[in-house]
Amino acid sequence: MNLEDEQSVGGEVVPVVIIGNGPSGICLSYLLSGYTPYLSPGASHPNPLLQSKLSEQPHLSLLEQDLEYLCEGLEGRSSNPVAVLFDSLLLPNSDLGSDHTSPLEWRFEPERAVPHLVLGKGLPGGAWHAMEGSMLTLSLANWMELPGLKLKDWMRDKRRNLRNDRATPAEIASYYQHYVTQMSLEQNFACGATVTSVSRQPGQEGSPPCWRVSGLQRRECEELGDGPSVPQEAPFSLLAHSVVLATGTHDIPARLGVEGEALPFVCHSFWELEAAISRGELDQSSDPVLVVGAGLTAADAVLATHHLNTPVYHAFRRSVTDPGLIFNQLPKLLYPEYHKVHQMMTQQQHQPSGPPSPHAQTLQPPSSYPGYLSFPRHRVVAFRPDRKCILESDSGERTVVQVSKALVLIGAHPNLSFLRENGRALAVYPDEPVTCRRNPIEVDPFTNQVAAAEGPGLYAIGPLVGENFVRFLKGGALAIASDLAKRRSHGRRGDGGLDALMDRWVDRQADTQTPVEIRVLDS
């Protein structure tokens, strides 16, 4: 879809603009396109309390029901009550290993559709297209799927053997892209679009205030003559009644903020390691690679480097027994490779006496891993131009290690540069940057409306609100779709604000007969 930068007659407003085309934006687009969940006739849920509540008004769709009431008494692995509810309905008792059939059925009701646009920098699927393609996903395959299309069925068409019911990021990215096509959502997606500004606009001529979304869209334009096509960026500016922030958090790698971090041998992404490996820069004769961090990406880097027989130093702030360490939360049978890394972290720890050596064989148990050495409860003090790194333990003891490369893999921050002060005012702690784990955007738990927004109609979803697993971010999509449906129903009973706006949008699309060419307002 192209976003044309020309003035619209009558100042039409897009009902909903979604910023981000990853699984959060895709799932919300599905719900806003008329696909509606109902309790299937004769179906039952293994939770008798939830089953009783769902049976009270089986004629109503899930979007029309009181989500707060349905959420009462439910427990799950998310702090978001609607996420726990929707996950329980889509995958009943999945944490117990049950394969219970979902009690929901999906009906396509086009009259319920909410016109919307989904803006994304790349292909549908978002950051999944940039993730390393050889590692297996943390979540089980069915936890990664979106409503209406079974991921396992789709994967069986691609390959016969499924390893531990998990998939590679490349497969997941392909699934999300196929999902948009399969569900006929393409007309809602504008790819190559980078948003540069989101601001509140005052109402004009009696119309209510709305949101202005501005940015640039990348296009392929053919040169004159026989020259090749070259990409160009065209500006766009949209007015929207509601805006959904669904950008994820993989845009800006987190930094340590220490001396020498900008030196060339210090990297901040896994794909920089992959690039170095593909160039043949690392082998068993290389100086050790320092991996900083105790998350899954850091573990992937340890595995990839260790596979090359390149020595590895691994520094992290937590203790190996810390219950908050992700490795202590994963079932060993489902995640053998991460269990292996945790074993390495535990068995091959640096001893304060003597210089560190990942090649040392003394005092190591038979199951140890040569070429690896961990530094639990250590932090990086500085990187030096001669490729020496200074590590400091909790007790204050410093160790200097010689490395070939350093990989700082301690998470990432979302790029919210299109918001004032990078969206800080919207976070739980407004004086600190937005982060998915420690300082997410604060939202209403049952509508996902942003609590500190300048006006109504601003929502956030996915990692921005602390939901880092696809399995649970679908609950945010349900909350937003439900809130928009209730607002539309209220408008029909009242002054018809949102409903009339949607009708005008649909009528204009029909009149222009160009549903894939969206006319937008100039600035």
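The values are calculated or read from the model by the stated rules, or taken from the named source; none is laboratory data. Here the structure is a predicted model, which is why all the values come from computation and not from measurement. With ideal geometry, Cβ positions are generated from the backbone for all residues, glycine too; neighbour counts draw on all protein chains shown. Heavy atoms of the whole protein, side chains included, go into the accessibility calculation; ligands, DNA and RNA do not. Shrake-Rupley method; radii C 1.70, N 1.55, O 1.52, S 1.80 Å.
Summary of computed values
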{"read-out": "Residue that is nearest to the chain's Cα centre (by Cα) [pool: residues in the range 442-480 that are acidic (Asp, Glu) and modelled with pLDDT of 95 or more]", "value": "Glu442"}
{"read-out": "Long-range neighbours under 7 Å by Cβ, at least six apart or interchain, first residue closer than 13 Å to His116 by Cβ within the range 177-190, second aromatic (Phe, Trp, Tyr) and part of a helix (DSSP H, G or I)", "value": "Leu185/Tyr30"}
{"read-out": "Among (1) among the hydrophobic types (A, V, I, L, M, F, W, C); (2) closer than 12 Å to Ser374 by Cβ; (3) buried (at least 21 other Cβ atoms within 10 Å of the Cβ), the one test that Val320 misses", "value": "(3)"}
{"read-out": "Residues that are out of contact with any Gly (no Cβ under 7 Å at 6 or more places or on another chain) and polar (S, T, N, Q), drawn from the range 294-322", "value": "Thr297, Thr305, Thr310, Ser319, Thr321"}
{"read-out": "Residue selected from the range 207-230 under the condition in a strand (DSSP E or B) and over 27 Å from the mean Cα position of the chain (by Cα), by the criterion modelled with the lowest pLDDT", "value": "Glu222"}
{"read-out": "Residues being surrounded by fewer than 24 Cβ atoms within 10 Å (Cβ to Cβ), among the charged types (D, E, K, R) and in contact with an Asp or Glu (Cβ under 8 Å, 6 or more places away or on another chain) - total across the range 472-495", "value": "3"}
{"read-out": "Given (1) crowded, with 19+ Cβ neighbours inside 10 Å; (2) modelled with pLDDT of 90 or more, number of the condition Leu498 does not satisfy", "value": "(2)"}
{"read-out": "Search result, residues across the range 125-174 that are at positive phi, modelled with pLDDT of 75 or more and open to solvent by less than 50 Å² (accessible area, probe 1.4 Å)", "value": "Gly125"}
{"read-out": "Filter result (touching a residue at least 60 places away in the same chain (Cβ under 8 Å) and open to solvent by less than 30 Å² (accessible area, probe 1.4 Å)) within the range 451-464", "value": "Gly455, Gly457, Leu458, Tyr459, Ala460, Ile461, Gly462, Pro463, Leu464"}
{"read-out": "Residue in the range 290-312 that is touching a helix residue (DSSP H, G or I) at 6+ places or on another chain (Cβ under 6 Å), within 14 Å of Ala406 (Cα to Cα) and assigned to a strand (DSSP E or B) present", "value": "yes"}
{"read-out": "Odd one out for His339, checked against (1) open to solvent by less than 40 Å² (accessible area, probe 1.4 Å); (2) closer than 18 Å to Tyr369 by Cα; (3) in a helix (DSSP H, G or I)", "value": "(1)"}
{"read-out": "Of all residues in the range 25-65 being open to solvent by less than 10 Å² (accessible area, probe 1.4 Å) and among the polar types (S, T, N, Q), the one that is nearest to Gln449 (Cα to Cα)", "value": "Ser29"}
{"read-out": "Subset tally (residues that are farther than 12 Å from Ala382 by Cα and not in a strand (DSSP E or B)) for the range 255-275", "value": "11"}
{"read-out": "Gln284 at pLDDT below 95, polar (S, T, N, Q), buried (at least 20 other Cβ atoms within 10 Å of the Cβ) and more than 30 Å from Asn422 (Cα to Cα)", "value": "no"}
{"read-out": "Selection count where residues are under 16 Å from Ser24 (Cβ atoms) and polar (S, T, N, Q), scope the range 167-212", "value": "2"}
{"read-out": "Filter pass, Asp394 being over 18 Å from Arg317 (Cβ atoms) and open to solvent by 10 Å² or more (accessible area, probe 1.4 Å)", "value": "no"}
{"read-out": "Residue within the range 35-45 that is at pLDDT 95 or above, closer than 27 Å to Leu416 by Cβ and within 23 Å of the chain's Cα centre (by Cα) present", "value": "no"}
{"read-out": "Residues (assigned to a loop (DSSP other than H, G, I, E, B), in contact with a helix residue (DSSP H, G or I) (Cβ under 6 Å, 6 or more places away or on another chain) and touching a residue at least 40 places away in the same chain (Cβ under 8 Å)) located in the range 44-75", "value": "Ser44, His45"}
{"read-out": "Residues located in the range 282-337, provided they are closer than 21 Å to Ser395 by Cα, of a type in the set (Ser, Thr, Tyr) and in contact (Cβ under 8 Å) with a residue 40 or more places away in the chain", "value": "Tyr313, Ser319"}
{"read-out": "Single residue of the range 75-107 satisfying the filter (of a type in the set (Asp, Glu) and open to solvent by 20 Å² or more (accessible area, probe 1.4 Å)) that is modelled with the highest pLDDT", "value": "Glu105"}
{"read-out": "Failed condition for Gln343, given (1) modelled with pLDDT under 90; (2) more than 28 Å from Val258 (Cβ to Cβ); (3) not acidic (Asp, Glu)", "value": "(1)"}
{"read-out": "Pairs where the first residue, in the range 415-431, is more than 18 Å from Ala254 (Cβ to Cβ) and the second is among the β-branched types (Val, Ile, Thr), C-beta under 7 Å, 6+ apart", "value": "Phe418/Val195; Phe418/Thr196; Phe418/Val198; Leu419/Val198; Leu426/Ile441; Leu426/Val450"}
{"read-out": "Count - residues of the range 231-275 that are more than 30 Å from Val114 (Cα to Cα), more than 26 Å from the chain's Cα centre (by Cα) and at pLDDT 85 or above", "value": "8"}
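Here's the yes/no breakdown for (1) in contact with a Cys (Cβ under 7 Å, 6 or more places away or on another chain); (2) among the polar types (S, T, N, Q):
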position: Lys405; (1), (2): yes, no
position: Asn415; (1), (2): no, yes
position: Leu419; (1), (2): no, no
position: Gln449; (1), (2): no, yes
position: Glu454; (1), (2): no, no
position: Tyr459; (1), (2): no, no
position: Gly466; (1), (2): yes, no
position: Val470; (1), (2): no, no
position: Leu478; (1), (2): no, no
